[in-house]
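*Asks:* My questions all concern the structure below.
Any read-out appearing in this document is the output of simple, stated calculations on the displayed coordinates, not a laboratory observation. What you see is a predicted model; the values in this text were computed from it and never measured. Cβ: placed from backbone, ideal geometry, glycine included. Neighbour counts: every protein chain shown.
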């Protein structure tokens, strides 16, 4: 049996650091190197499920696109439904939309208006919490449906970018912190 600290270090060793991607000065944390290893993938999914197993989660809302990769197996293990939160123009029915600020401009996310029943217990999942703009917009979308946001869970949190500050009052969990 490994300790939490040993598990965290093992998982960090599976994440590739790519300097200057997607632009100069950024150190990109590439999770594809961990996703391809069955043991690492199991560890990730099990970590999320363990933290939220007693929360009566009814739906996982995954943020495009790596939130889909993590969210589906978590939904399966928690016996929950899965709802995608997508970039504009990707969902075919009526949507709620939420804009957020980027370093240079704005972007938006969307969710189907009928994606979540009022009062449903929802866990938001994504791979990365950085500046918090995307996560904050996704939280607002879940709430626009009338559902209850139980928490927001991330594989990685880049602590120096203070994304948590945009999500004050939310139950935030991150497996790996850099």
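*Asks:* Go through 159-172, 125-138, 48-61 and give me the packing order, highest mean Cβ count within 10 Å leading.
*Replies:* Those peptides, ordered most packed to least, come out 125-138, 48-61, 159-172.
*Asks:* Here is a follow-up. Using 1/(1 + (r/R0)^6) with R0 = 25 angstrom and r between the beta carbons of residue 10 and residue 64, what's the FRET efficiency to the nearest 0.05?
*Replies:* The calculated FRET efficiency here is 0.35.
*Asks:* Something else about it: Relative contact order for the chain using alpha-carbon pairs under 8 Å, separation at least 6, rounded to a whole percent?
*Replies:* 17 percent.
*Asks:* Based on alpha-carbon centroids, what's the gap between the stretch 114-146 and the stretch 60-102 in Å, whole number please?
*Replies:* Each part reduced to its Cα centre gives a spacing of 8 Å.
*Asks:* What residues of the stretch 5-29 lie in the reach of a label at residue 104, counting those whose backbone N is under 15 Å from a point 7 Å from the Cα along Cα→Cβ?
*Replies:* 21-26
*Asks:* In addition: Using Cβ contacts closer than 10 Å as the measure, can you line up 76, 100 from fewest to most?
*Replies:* Ascending Cβ contact count within 10 Å gives the list 76, 100.
*Asks:* On to the next question. Listed highest first by mean packing, meaning other Cβ atoms within 10 Å per residue, what order do 16-24, 149-157, 90-98 come in?
*Replies:* Output ranking for 16-24, 149-157, 90-98: 149-157, 90-98, 16-24.
*Asks:* Quickly estimate the mean residue ellipticity at 222 nm for the chain, helices only: each DSSP H run with n ≥ 4 gives -39500 (n - 2.57), and the total goes over all residues, rounded to 500.
*Replies:* -9000 deg cm²/dmol
*Asks:* May I ask you to derive the FRET efficiency for residue 76 and residue 3 from their Cβ-Cβ distance with R0 = 41 Å, giving the value to the nearest 0.05?
*Replies:* Once rounded, the FRET efficiency stands at 0.90.
*Asks:* Turning to a different aspect of this structure: Compute the FRET efficiency between residue 39 and residue 87 as 1/(1 + (r/R0)^6), taking r as their Cβ-Cβ distance and R0 = 30 Å, and round to the nearest 0.05.
*Replies:* Result of the calculation: an efficiency of 0.40.
*Asks:* Out of the DSSP beta bridges found with both residues in the chain, what percent are antiparallel (nearest 5)?
*Replies:* The antiparallel proportion sits near 35 percent.
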